[in-house]
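All remarks here apply to the structure that follows.
Since every read-out is calculated from the coordinates, none of them should be taken as a lab result. All values reported here derive from a predicted model rather than from experimental measurement. Glycine gets a Cβ as well: all are built from the backbone with ideal geometry, and neighbour counts include every protein chain shown.
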Amino acid sequence: MYGSDTDDEEMYQSESPAPQYTPREADLESLRPVATEPPLPPVEKRDRYGFKKQTQYITLAEYEEWEGRYNGDLDRRRKKWEQLLRESGLAPGEGGPVRFPPKSNKIKRYVRKGIPPEWRGAAWFWYAGGQKFLTKYQGKYEELVNSPTLPSDSELIERDLHRTFPDNIKFKPDPPPGVTRMSKLQEKQFETPMLQSLRRVLLAFALYVPKIGYCQSLNFLAGLLLLFMEEEKAFWMLYILTQTHLPGTHELNLEGSSVDQWVLMSSVRDSLPHIWQKIGGGLDGSEVDMSSTKLPPVTLCTSSWFMSGFIGSLPIETTLPTVLKLYLESL
Amino acid sequence: MSHPRASTQSQRFAQFKLVLLGESAVGKSSLVLRFVKDQFDDYRESTIGAAFLTQTIALDETTTVKFEIWDTAGQERYKSLAPMYYRNANCAVVVYDITQSSSLDKAKAWVKELQRQANENIVIALAGNKLDIVTGDPSKRAVETVEAEAYAKEAGLLFFETSAKTAQNVKDLFTAIAKKLPLDQPGPRGARPGAGGRGVDLKGGMAAQQQGCNC
């Protein structure tokens with residue numbers, strides 16, 4: 001799926017791979033009963049996108065130790081990018097670059113090594129050709145948002161809004177002190193602007209593309225786009241992504257998703273037979289039938305890789321370059 | 001409920017495939033998270049595709065049961081994948097939300113499908129989740145206990161009302177399933193009634209500690 005050039009292979013590795021999960025004492029600690037009244041939890045520290053730094057896999061200390069190195073990488077990458085843009089006659093203005101150099105192996109390498117976070121949205125939009133849609137269908141998004149018709153999947157959308165990035169402060173604000181679960185009324189009251197944008201984007205999309213409507217996982221794709229660009233652009237990027245890069249993947253019968261899984265499984269079977277021996281069967285130790293034409297159950301897990309673009313499967317800092325690679329390299 | 005005991009003092013270990021089914025947002029992943037990690041999040045991300053988790057419980061001093069759990073996405077369009085979940089499943093938990101009556105209809109449809117298509121001897125439990133909400137505010141209840149219980153009895157299902165949030169009845173639910181499963185086939189570690197052979201070894205006990213492969 002990705003480019004096949006292999007020059008400079010080690011250069012493709014990020015200089016600071018995202019922190020990996022290792023089980024630790026603290027996991028067990030949190031399960032032990034607390035004898036005394038616990039102090040009020042401190043306000044959770046958030047990363048640059050609004051996600052909690054600490055997750056079930058990573059402690060705050062681990063995150064911040066990695067972040068220090070990563071920020072150094074980012075500074076170096078930013079200088080490189082600035083130079084590249086200047087050489088291409090595209091010096092970034094005040095608000096960051098809008099245009100980027102044409103696709104090339106060099107750009108591919110630069111993208112794989114990371115792009116300044118505040119430029120991501122612009123780079124996604126540029127390389128996916130978003131501007132063409134924005135210009136050609138001017139007013140369409142507004143028309144959809146103002147449509148009196150609700151798509152048939154509107155209730156499903158509503159159900160998933162609060163289940164989209166609940167660990168991100170831009171989607172789910174910290175609840176008022178002492179409140180753990182907000183009532184439906186409070187949820188409405190404390191809705192963030194971004195969650196309201198997410199609702200509009202998903203409703204508009206379901207109206208515009210009835211073949212897909214709403215499919216769980218679109219909430220994560222749209223939500224991620226919204227973290228990096230304005231609403232109307234996010235809408236068109238979701239459209240481009242589902243039409244061009246992941247065609248059929250989210251459609252009603254998920255047929256495209258099965259095709260994706262077939263390609264993945266065939267590649268594993270042909271290129272990584274020792275892995276295939278482990279995952280190609282029923283995961284119950286039974287013999288793997290090399291000639292089977294059924295998708296193995298492991299695809300129930302791997303399907304989300306494609307459906308939600310690795311969001312939730314990889315750490316966010318690993319997901320983000322992956323999304324750009326998809327826009328840049330899959331055509 | 002009784003089941004045959006091994007005549008010797010030897011340890012018994014059985015491994016079973018369990019599948020969770022039900023309408024979206026009824027709390028399937030939350031029930032699993034409570035059972036596997038004894039945790040609860042008020043807001044959980046929607047499950048895409050499925051998640052695979054394992055949990056081992058001791059039924060008594062000599063009997064250990066390991067569940068391989070397939071936690072599935074609830075949206076209708078994922079239904080075409082369902083046979084992959086319940087193929088060879090020994091047991092199923094069909095979940096509905098006691099504050100949403102339509103979710104019981106969906107649960108009934110799942111039970112019907114399982115009884116028609118899945119393993120003949122599959123043990124099915126019906127779980128009415130979100131009990132904590134009606135405990136706080138009885139007017140929120142949309143499915144009466146007696147109604148669901150009568151249906152479960154008629155369809156031959158185990159039945160519990162649960163709260164993943166407070167943990168009420170969650171362990172009981174899984175224990176009841178384990179007790180109803182055929183444990184009378186003592187064998188080496190990893191022996192599994194019906195299938196046989198070793199399961200995938202996810203780094204020994206690691207899998208149970210994780211929230212799931214989430215892959």
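A few comments on the model shown:
- Packing here is the average count of other Cβ atoms within 10 Å per residue, and on that basis the peptides A:219-231, A:187-199, highest first, run A:219-231, A:187-199.
- Rounded if a/c under 1.5, otherwise prolate or oblate - chain A, Cα gyration tensor axes: rounded
- Spatial separation of Cα centroids for the range A:123-193 and the range B:100-125, in angstrom: 33
- Cα gyration tensor category, rounded, prolate or oblate, for the range B:12-180 with a/c compared to 1.5: rounded
- Protection proxy ranking of B:83-92, B:65-74 - average other beta-carbon atoms within 10 Å, highest first: B:65-74, B:83-92
- The range A:42-127 shape via C-alpha gyration tensor axes, a/c threshold 1.5: prolate
- Computing FRET efficiency as 1/(1 + (r/R0)^6) for A:LYS132 and B:SER80, where r is the C-beta to C-beta distance and R0 is 45 Å, gives about 0.85.
- Estimated distance in nm for a label pair at A:HIS274 and B:LYS112, the labels positioned 7 Å out from Cα along Cα-to-Cβ: 5.0
- Counting Cβ atoms of other protein chains within 10 Å of each Cβ in B:36-42 and taking the mean gives 3.
- Taken residue by residue and averaged, Cβ atoms of other chains lying within 10 Å of the Cβ of B:47-57 number 5.
- Inter-chain neighbour count for A:149-157: the average number of beta-carbon atoms from partner chains within 10 Å of each residue's beta-carbon is 1.
- Legend: calculated FRET efficiency, B:ILE57 to A:GLU118, from the Cβ-Cβ distance at R0 = 60 Å, rounded to 0.05, equals 0.75.
- About its Cα centre, the dipole of chain A is roughly 820 debye, where the only charges are +1 on Lys and Arg Cβ and -1 on Asp and Glu Cβ.
- At full extension, A:VAL263 and A:SER104 could sit 54.7 nm farther apart than now, given 0.36 nm per residue minus the alpha carbon distance.
- The range A:112-242 - charge dipole about Cα centre, Lys and Arg +1 at Cβ, Asp and Glu -1, debye rounded to 20: 380
- Highest-first packing order for the peptide set A:93-105, A:61-73 is A:61-73, A:93-105, based on the mean count of other beta carbon atoms within 10 Å.
- The charge dipole of the range A:179-285, taken about the Cα centre with unit charges on the Cβ atoms of Lys, Arg (+1) and Asp, Glu (-1), comes to about 280 debye, rounded to the nearest 20.
- Its relative contact order, with pairs defined as Cα atoms under 8 Å and 6+ residues apart, puts chain A at 19 percent.
- Across the options A:ASN105, A:GLY93, A:TYR70, the greatest Cα extent toward the positive end of the charge dipole of the range A:41-113 (unit charges at beta carbon of Lys, Arg, Asp, Glu) belongs to A:ASN105.
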